[in-house]
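Enquirer: Handing you a structure now.
The values are calculated or read from the model by the stated rules, or taken from the named source; none is laboratory data. Because the structure is a prediction, the values reported are computed rather than measured. Cβ sites come from the backbone with ideal geometry, for glycine too, and all protein chains shown count toward neighbours. Protein only, heavy atoms only, side chains kept; ligands, DNA and RNA dropped before computing areas. Shrake-Rupley method; radii C 1.70, N 1.55, O 1.52, S 1.80 Å.
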Amino acid sequence: MARNKEGLVLLLDVGPTMYSVLPEIKKVCSMLIQKKLIYGKFDEVGVVVFGTQETDNELTKEVGGYEHVVVLRNIKVVDGDLVDAFQELPRGNFDGDYLDAIVVGMDMLIKKYQATNKGKKRLCLITNALCPIKDSCEGTKEDQVNTIAAQMSAHGMKMESVIVRGRLCGGGDQRIMAENDRLLNLFSEKTSARAVYVESPTALLGAVKTRNISPVTIFRGDLELGSKMKIKVWVYKKTSEEKFPTLKKYSDKAPPSDRFATHEVKVDYEYKSVEDPNKVVPPEQRIKGYRYGPQVVPISSAEWDAVKFKPEKSVKLLGFTDASNIMRHYCMKDVNVFIPEPGNARAALAVSALARAMKEMNKVAILRCVWRQGQGSVVVGVLTPNISEKDSTPDSFYFNVLPFAEDVREFQFPSFSSFPASWQPNEQQQEAADNLVKMLDLAPSAKQEALLPDFTPNPILERFYRHLELKSKHPDAAVPPLDETLKTITEADPDLLSEKKDVIDAFYNSFELKENPRLKKSSKRLLEKKPSGSDEDYQDTTNALAVKPVKVEKIGDSSPVQDFEAMMSRRDSPDWVSKAIQDMKNKIHSLVENSYDGGNHGKALECLLALRKGCILEQEPKQFNDFLHHLFNVSQEKKLRNFCESLIPRGLTLISKSEAIDSEVTDDEARNFLVKKELKFE
């Protein structure tokens, strides 16, 4: 792990023009260190501030110059003290020269790592670039940038520049801003660097690369277009969901004097026999089984290996189709990127020609992919051309996994045109809705788009990292309220809502809201059977629903399930729930005992299913579980084996804790209940 450590130097502008944004910079830098303490505890970080009154760096002592640049912290392994140091960032009194700061940061990395750690050395510059830089003693400012960029490339350094603009820092001299933007973008052309512009605290929080993830190929080999046509490609993940860090179980039972204690908890599992709970079943006597109807089919590991599909590692073209045939909702998982094999000019030319032809013809390719040897599944996906806008970056493809027939969920919804005219919006309502949508546009003209994915951090993860850092110092600390910066991601902009209150009020006043009454099942069926298309039809249905419902006080013989549901829904007394459950128990008991040749078993099963559902809704799992045990015992005594066997195909078992929190039955006990009862009957 230490082999992949990153060396990072933060270059922070603390001059007078940055005062308004310094609180946000403190948050961003603190978050960066918090993530490194979780994911990169061996990474090393240094901090340089510029625009200060003081000057404190080695280059000034060695060669002179580089004034108003202070090394706040030399490069060393990240720790919690660095998080605290950011809370006391100095405020400078001079305009900062970011080129001086870049040279000081480069000097620190060179002296620390020499020729080692190539590709793992990074500079991160945060400035508004509103102040002019000093003229170079030799050559132009562009020459100075070219010289610095050449040294960065020679030592394997990367740089990212975060330029804070807009409402965060206000305006400045347009001539100076344009010159600085040109010089910073020149770095991107000459070396491995990127420049991003942010206009909000949220974008600033997401712009700084807080976690260094090394790209790893998931496939290296041939993209097979045919038996005699292959292109050498590498495949990387383009996007992947960021998940919570793994939370492990730790124990405080280790002696405080033991400096080498890991405090980790080891979990061992024992499998015991159902017939003899005290007997442990060894691994060689255990076998996996799969439920198939009422029985469990055992399958050994050898059989399972033989059944497994074992395709050869390959990526093969199946054909092309129009891009319009691939719906957006077909894309299932992470996005991968296909690039030509680095250094292979023929592969780059072939990929570029294929991608541009597909783009011109509006086509996509369908591929069959097996990423590695021994992979147990085949992936079928769509390859979309990605034409590069930079001469230095080759064309590539994006790859999305497509669903199989079993993965697709079809949901049919009725068309709005089938509803009565009274349900259709009028012109005023439609206009009010249109204005509401336009008001909440995240990408208005002449403004930077809000909540760009590249600059919008996950608020849940960000809050977790901050709370983890707080708990590391104050174990009893309460969960703090949500940070204002994160609120802008999870809540609507209050300034926008206030500014456009008339639009919201117009939408609110255009629609009359009424309470939707709870309909009985018979009423719902009446609605479904009534042909739609006219207001009169709707009025007739409404009148039919206006009939006062009859209050059910006992479970009858004709429709016991409906009577039970009606009693359970009554709220004029708390006793109706317990009465309904008890009456349904009696009804099921009567149906089972008085059944001739299983004639009532179907009705009894329907009642039992309704009882189970009702006990889950009303959080009465114990009543149902006790009754089911009793019902099995009675059936065993009176030799009603057919009824109990009819429960197994329906999976009608005990209510587990995952279904009702008050249940004392675990999921495993619920699953094994029918198996145990089946064994007893045999």
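Enquirer: Probe radius 1.4 Å, ligands and nucleic acids ignored: give me the carbon and sulfur share of the accessible area of the chain as a rounded percent. Don't skip to the end; give the middle numbers.
Expert: Numbers: 22070 of 42320 Å².
Here carbon and sulfur together make up 52 percent of the probe-accessible area.
Enquirer: Could you check the spin-label model distance between LEU468 and VAL63? Points 7 Å from the Cα along Cα→Cβ, value in nm.
Expert: 4.1
Enquirer: Let me ask another. With each pseudo-label sitting 7 Å past Cα toward Cβ, what's the SER422-ASP258 distance in nm, one decimal?
Expert: Roughly 7.6 nm, to one decimal.
Enquirer: Which order, highest average first, do 501-508, 158-165, 89-96 follow once you tally other Cβ atoms within 10 Å for each residue and take the mean per peptide?
Expert: 158-165, 89-96, 501-508
Enquirer: Sticking with this structure for a sec: Along the charge dipole of segment 309-467, Cβ charges K/R +1 and D/E -1, which of THR393, PHE320, VAL378 sits furthest on the positive end?
Expert: Of THR393, PHE320, VAL378, it is VAL378.
Enquirer: In debye, nearest 20, what is the charge dipole magnitude of segment 379-428 about its Cα centre with +1 on Lys and Arg Cβ and -1 on Asp and Glu Cβ, if you could check?
Expert: Charge dipole of segment 379-428: 120 debye, to the nearest 20.
Enquirer: Hey, another quick one. Please state the relative contact order of the chain as a whole percent: Cα pairs under 8 Å, 6+ residues apart?
Expert: Values: 944 pairs, mean separation 55.9, N = 682.
Relative contact order here is 8 percent.
Enquirer: Taking 7 Å along the Cα-to-C-beta vector as the label spot, tell me the ARG409-HIS629 distance in nanometres, rounded to one decimal.
Expert: The modelled label-to-label distance comes out at 3.6 nm.
Enquirer: Go through 241-251, 451-461 and give me the packing order, highest mean Cβ count within 10 Å leading.
Expert: Per-residue mean Cβ counts within 10 Å order the peptides as 451-461, 241-251.
Enquirer: Still on this structure: Assuming R0 = 35 Å, what is the FRET efficiency of LYS238 and ASN74, from their Cβ-Cβ distance, to the nearest 0.05?
Expert: Calculated transfer efficiency: 0.45.
Enquirer: Any idea what the relative contact order of segment 1-100 is, in percent, if you count C-alpha pairs under 8 Å spaced at least 6 apart?
Expert: On the way: 173 pairs, mean separation 38.1, N = 100.
This gives 38 percent for segment 1-100.
Enquirer: Moving on. To the nearest 10 degrees, how steeply does helix 141-154 sit against the main Cα axis of the chain, on a 0 to 90 scale?
Expert: That works out to roughly 60 degrees.
Enquirer: May I ask for the angle, rounded to the nearest 10°, between helix 667-681 and the longest principal axis of the chain, with both axes built from Cα atoms and the value confined to 0 to 90°?
Expert: So the inclination is approximately 30 degrees.
Enquirer: Do any chymotrypsin sites (Phe, Trp or Tyr not before Pro) in segment 340-422 lie in a DSSP loop with no more than 13 other beta carbon atoms within 10 Å, and if so, which?
Expert: Of the chymotrypsin sites (Phe, Trp or Tyr not before Pro), the ones in loops of segment 340-422 whose Cβ has at most 13 other Cβ atoms within 10 Å are PHE404, PHE411.
Enquirer: To the nearest 20 debye, what is the magnitude of the charge dipole of the chain about its Cα centre, counting +1 on the Cβ of each Lys and Arg and -1 on the Cβ of each Asp and Glu?
Expert: Magnitude of the dipole: close to 2440 debye.
Enquirer: Tell me which of LEU461, ALA350, ILE299 sits at the most positive position along the dipole axis of the chain, charges placed on C-beta atoms (Lys, Arg +1; Asp, Glu -1).
Expert: It is ILE299.
Enquirer: Peptides 16-25, 214-223: what's the order by average Cβ count within 10 Å, highest mean first? Please list the in-between numbers first.
Expert: Numbers: 16-25: 18.0, 214-223: 14.2.
The packing order, highest mean first, is 16-25, 214-223.
Enquirer: Nearest 10 degrees, 0 to 90: what angle lies between the long axis of helix 174-190 and the longest principal axis of the chain (Cα atoms)?
Expert: So the inclination is approximately 80 degrees.
Enquirer: Got a sec? Charge dipole of segment 160-315, +1 on Cβ for Lys and Arg, -1 for Asp and Glu; which of PHE309, SER192, PRO255 is way out at the positive end?
Expert: Positive-end residue among those listed: SER192.
Enquirer: Still on this structure, I have one more. Write out the GluC sites (Glu not before Pro) in segment 294-397 meeting two conditions: DSSP loop, and at most 13 other Cβ atoms within 10 Å of their Cβ.
Expert: When the GluC sites (Glu not before Pro) of segment 294-397 are filtered for loop state and at most 13 Cβ neighbours within 10 Å, GLU312, GLU389 remain.
Enquirer: Turning to a different aspect of this structure: Which of the GluC sites (Glu not before Pro) found in segment 427-468 are loop residues per DSSP with 16 or fewer other Cβ atoms within 10 Å of their Cβ?
Expert: For GluC sites (Glu not before Pro) across segment 427-468 that sit outside H, G, I, E and B with at most 16 neighbouring Cβ atoms in 10 Å, the list reads GLU449.
Enquirer: At q = 0.21, 0.24 Å⁻¹, what log₁₀ I(q)/I(0) does segment 317-395 have when each alpha carbon counts as one equal point scatterer in the Debye sum?
Expert: After summing over all Cα pairs, the log10 values are -1.11, -1.28.
Enquirer: For segment 1-138, taking Cα atoms only, what is the radius of gyration to one decimal and the Dmax to the nearest whole Å?
Expert: According to the Cα coordinates of segment 1-138, Rg and Dmax are 14.8, 45 Å.
Enquirer: So, one more: Using 0.36 nm times the number of residues separating SER324 and LYS279, minus their current alpha carbon distance, what extension gain do you get? Walk me through the numbers on the way to the answer.
Expert: Details: separation 45, 0.36 × 45 = 16.20 nm, distance 6.17 nm.
Fully extending the segment from SER324 to LYS279 adds 10.0 nm.
Enquirer: Counting heavy atoms of the protein chains only and a 1.4 Å probe, report the per residue accessible area for segment 111-215 as a whole number of Å². Don't skip to the answer; put the middle values down first.
Expert: On the way: 4800 Å² over 105 residues.
Result: 46 Å² of accessible area for each residue.
Enquirer: Could I ask something else about it? What FRET efficiency comes out for the pair ASP181/THR456, r = Cβ-Cβ distance, R0 = 25 Å, nearest 0.05?
Expert: So the FRET efficiency works out to roughly 0.60.
Enquirer: For all pairs of alpha-carbon atoms in the chain, what percent lies in each bin of width 10 Å, listed from the first bin to the last filled one?
Expert: 2, 9, 14, 16, 18, 17, 12, 7, 3, 1, 0
Enquirer: While we're looking at this one, here's another question. About its Cα centre, what dipole magnitude does segment 229-372 give when the only charges are +1 on Lys and Arg Cβ and -1 on Asp and Glu Cβ, stated in debye to the nearest 20?
Expert: 700
Enquirer: Looking only at segment 29-61, which residues have a backbone nitrogen under 12 Å from a spot 7 Å from the Cα of ASP483 in the C-beta direction?
Expert: Taking a point 7 Å out along Cα→Cβ of ASP483, the residues of segment 29-61 whose backbone N falls under 12 Å are 29-35.
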